[in-house]
């Protein structure tokens, strides 16, 4: 009888022990490992293999050699498409694109010779180049032109992309990246919800400044002072029009109806020159 009891106890102990071992391996041990892992510092990310090449791009860019800088940037983007420095490289590329565009020289393909009776609006219709761009590139400050006057009139197809996650706007000339601009003020702040992708267009452009009497005066693009004014670009995507956000936090800010995206004065001025009324806009 005692032997039977002993055998039963041994068997019960073995079964219980095996069960406890299984329970410990399946539930207790993973929980302990998880607690230990949580207490450890986060793993150090592997070094970015593109950093050395990025520094070369920076040094070439600072040298002022635009051709060499562009070549280095394009090679960098081909070799390191997922680099953490991609945005910084795009900023440099945008500087080069803008500098080259605004330094354009007249040639057979981009020059218009003024005829008798031409005005800026007439030339704009003939060349399909906006009045703003004609005025700025040719340093004009008059509505009327002189016969045989030569005007630089490059063909462009600028469009705007609003990037919600990065809170910036990007200009493309056709399919080619032109320049990106960080928002100085974003509708809804840094935690604004991401809205579904949608398309729209520029519906109106405004420029204005305070006159000597302290009232607001609209400035037409046929006057060169248009380019130093406060700008507003209305877009038919609710709450995402563009406006000038002065650098001085105490300065008066004129926001579009329904709010919008505030940009630094120099960025807003450049976009106002390049982006025509009716230009396509994509919010993504």
**Q.** Qualifying positions in segment 194-220 - out of contact with any strand residue (DSSP E or B) (no Cβ under 7 Å at 6 or more places or on another chain) and farther than 17 Å from residue 261 by Cβ
**A.** 196, 212, 213, 214, 215, 220
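Of the residues that make up segment 89-101, is at least one at pLDDT below 95 and loosely packed, with under 15 Cβ neighbours inside 10 Å?
no
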Q: Kindly indicate whether any position in segment 227-245 is outside any loop (DSSP other than H, G, I, E, B) and out of contact with any strand residue (DSSP E or B) (no Cβ under 9 Å at 6 or more places or on another chain).
A: no
Q: Just name the residue that is modelled with the highest pLDDT out of those in segment 37-51 that are part of a helix (DSSP H, G or I) and exposed (fewer than 10 other Cβ atoms within 10 Å of the Cβ).
A: 39
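Which ones in segment 257-275 are in contact with a strand residue (DSSP E or B) (Cβ under 9 Å, 6 or more places away or on another chain) and either at pLDDT below 95 or part of a helix (DSSP H, G or I) (or both)?
257, 258, 259, 265, 267, 268, 269, 270, 271, 272, 274
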Q: Identify, from the list 15, 58, 8, 28, the residue that is at pLDDT 95 or above and in a helix (DSSP H, G or I).
A: 58
Q: Filter segment 113-139 down to residues that are closer than 14 Å to residue 223 by Cβ, touching a residue at least 24 places away in the same chain (Cβ under 8 Å) and outside any loop (DSSP other than H, G, I, E, B) and give me whichever is farthest from the chain's Cα centre (by Cα).
A: 119
Q | Count - residues of segment 142-158 that are under 25 Å from residue 202 (Cα atoms) and assigned to a loop (DSSP other than H, G, I, E, B) | A | 6
Q) Within segment 233-256, is even one residue over 16 Å from residue 275 (Cβ atoms) and within 18 Å of the chain's Cα centre (by Cα)? A) yes
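The values are calculated or read from the model by the stated rules, or taken from the named source; none is laboratory data. Remember, it's a predicted structure, so these values are computed and weren't measured experimentally. Cβ atoms come from the backbone with ideal geometry, glycine included; neighbour counts cover every protein chain shown.
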